[in-house]
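Written out below as structure tokens is the structure these notes cover.
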């Protein structure tokens, strides 16, 4: 395990967010929950304060530490998937219950964390400087949740 890991700041829902994420992403679990000691500003004593968990084996830490900092789109997790069914599964779960769709495969979950749900084939479609990649890029720019069939058709020139 490396020495670097993401740290996510939530107003008050770090545990709820971690529980949602580990229920959604395979090979994930909550590894510890530290409750707030007395005297932490904006945090009630005894409430879940620091939550350590893994997402697909990657260590992550979340904190419920009040409103002085907030998550924004400058940080996101990427979920690399193979199929449209996987895209649909993750996208639907992440945008449910107050989550927000974004552009080009980006979305924000109900806790305010940004995600990118991306088919692995997208790198192939976008990596060239030829007409095929330009068509795929233009198609991607019209989408919120990514549609592999439409991206493939644009890349192949059959759309």
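The values are calculated or read from the model by the stated rules, or taken from the named source; none is laboratory data. None of these values were measured; they are calculated from a predicted model. Virtual Cβ from ideal backbone geometry, glycine too; neighbours counted across all protein chains shown.
Overview of values
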{"read-out": "Residue under evaluation residue 82, criteria (1) in contact with a strand residue (DSSP E or B) (Cβ under 9 Å, 6 or more places away or on another chain); (2) assigned by TED's automatic domain parsing to the domain that holds residue 149; (3) surrounded by 12 or more Cβ atoms within 10 Å (Cβ to Cβ), criterion not met", "value": "(3)"}
{"read-out": "Criterion (on the phi > 0 side of the Ramachandran plot and surrounded by 14 or more Cβ atoms within 10 Å (Cβ to Cβ)) met by exactly one of 66, 46", "value": "66"}
{"read-out": "Which listed residue, of 122, 94, 113, 71, is crowded, with 16+ Cβ neighbours inside 10 Å and at pLDDT below 95", "value": "71"}
{"read-out": "Verdict on residue 29 being more than 29 Å from residue 151 (Cβ to Cβ) and touching a helix residue (DSSP H, G or I) at 6+ places or on another chain (Cβ under 6 Å)", "value": "yes"}
{"read-out": "Residue among 55, 15 that alone is within 12 Å of the chain's Cα centre (by Cα), surrounded by 11 or more Cβ atoms within 10 Å (Cβ to Cβ) and outside the structural domain of residue 143 (by TED's automatic domain parsing)", "value": "55"}
{"read-out": "Sole residue being touching a strand residue (DSSP E or B) at 6+ places or on another chain (Cβ under 7 Å) and not assigned by TED's automatic domain parsing to the domain that holds residue 4, chosen from 112, 128, 99", "value": "99"}
